[in-house]
Amino acid sequence: MAPKTVRKAFTYLRLIFRDAQIEEIIAANPCVLPGGVLPSAQDRDPAWRAGAVFTRDELETLISDERIPQDRRVLYALKGIGAMRHGEAAGLRWEHYDRDAAPLGKLTIAYSYERPGTKTGVTREMPCHPTLARVLAGWRLSGWERTYGRTPQAADLIVPNSALKPRDKNDAAKLFAKDLDALGLRPRRAHDLRATFITLAQTDGGLPHLLQIATHGPSKRSVFDAYSRFSYAAICAEVGKLKVSVRAGAVVKLRAVG
């Protein structure tokens, strides 16, 4: 197993025994190790992370190519243009999308699946990029009803599974791998779409400290950060710098890179 996997498994086991000790089921937690026993937190392949990103062409293909079902194209747009983690995209409801906010619509990210709170516990406001707004408009106008058999309501999830519940992360990962294969793209994780947004937005001139507020929430690393206040319009301006669009045509051909 990769070193990170080993460390994560040990952490979960240690927490299980900790709770057992608190409940007085066991006398002591056996998961106590001296320093240096666990492997360092590094990737199995130290070179893979540098390539764990999609090109602009690939991102546009994933949100445009009709060989991919529309619901999954919307999911990939939420991750690749809305910079959402899977749980955040799976838990996003129509009522969390303010189309009338200005200068860009606003996505309030406050849930992970059906649980209140994001992975980091930070609720954030993500400006809805014009291309993402276009994707969501088409999905809300006809795609959602065509897929689920009725018109969407405010409390409905934007991209639920067939039972109108949040999409399972593992099932979504399998379908993503299938979609990449169908498009002739090399394997990567759906989470790499989030990294793609951050990478491309900065490439297109977005200011990192403002993009960070949209993708992670305000920084609290220093007293200076705690005193920084930026307007929603300022954050919208940086998100809007991302150059990505939905391509016309049922089947998209990737442009040559280089």
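Can you divide the C-alpha Rg of region 1-151 by 2.2 N^0.38 Å and report the result to two decimal places?
Rounded to two decimals, the normalised Rg is 1.42.
Order the following by accessible area, largest value first: ARG124, ARG72. Probe radius 1.4 Å; ligands, DNA and RNA are ignored. It would help to have the intermediate numbers written out before the result.
On the way: ARG124 10, ARG72 35 Å².
Greatest to least solvent exposure: ARG72, ARG124.
Determine how large the accessible area of LEU13 is when every protein chain is in place; take a 1.4 Å probe and give Å² rounded to the nearest 10.
LEU13 has an accessible surface of roughly 80 Å² with all protein chains in place.
Let me know the whole percent of all Cα-Cα pairs from region 82-204 that are separated by more than 20 Å. Don't skip to the answer; put the middle values down first.
Values: 3643 of 7503 pairs.
Cα-Cα pairs in region 82-204 separated by more than 20 Å: 49 percent.
List the residues whose amide H sits under 5 Å from the amide H of GLY105, counting only those 5 or more places along or on another chain, with H placed 1.01 Å from N in the peptide plane.
CYS128
In a Gaussian network model over the chain where Cα atoms closer than 10 Å are linked, find which of GLY240, GLY51, GLY217 has the largest mean-square fluctuation.
In the Gaussian network model the winner is GLY51.
If you rank LEU141, LEU210 by how much accessible surface each has, with a 1.4 Å probe, what is the order from largest down? Provide the component values of the computation, followed by the final result.
Numbers: LEU141 145, LEU210 10 Å².
Accessible-area ranking of LEU141, LEU210, largest first: LEU141, LEU210.
Can you give me the long-range amide H partners of SER112? Hydrogens built in the peptide plane at 1.01 Å from N, cutoff under 5 Å, separation of 5 or more residues or another chain.
GLY117
Given a 1.4 Å probe and the protein chains all in place, what does the accessible area of VAL135 round to, in Å² to the nearest 10?
VAL135 exposes around 20 Å² with every protein chain in place.
Could you tell me which label, among (1) 1.06; (2) 1.02; (3) 1.12, carries the value of Cα Rg over 2.2 N^0.38 Å calculated for this structure?
This structure yields the entry labelled (3).
Keeping all protein chains in place and using 1.4 angstrom, which order do GLU125, GLU66 fall into by accessible surface area, from largest down?
From most accessible down to least: GLU66, GLU125.
Which value, in Å², gives the accessible area per residue of the chain when a 1.4 Å probe is used on the protein heavy atoms?
Ligands and nucleic acids excluded, the figure is 55 Å² per residue.
With a 1.4 Å probe and every protein chain kept in, tell me what percent of the accessible surface of region 67-154 is carbon plus sulfur.
Numbers: 1760 of 3780 Å².
Within region 67-154, the accessible surface is 47 percent carbon and sulfur.
Tell me the accessible surface of THR151 in square angstrom (1.4 angstrom probe, heavy atoms of protein chains only), to the nearest ten.
About 70 Å², ignoring ligands and nucleic acids.
The values are calculated or read from the model by the stated rules, or taken from the named source; none is laboratory data. As the structure is a computational prediction, the values presented were derived from the model and not from experiment. These accessible areas exclude ligands, DNA and RNA; they are computed on the full protein's heavy atoms, side chains included. Shrake-Rupley method; radii C 1.70, N 1.55, O 1.52, S 1.80 Å.
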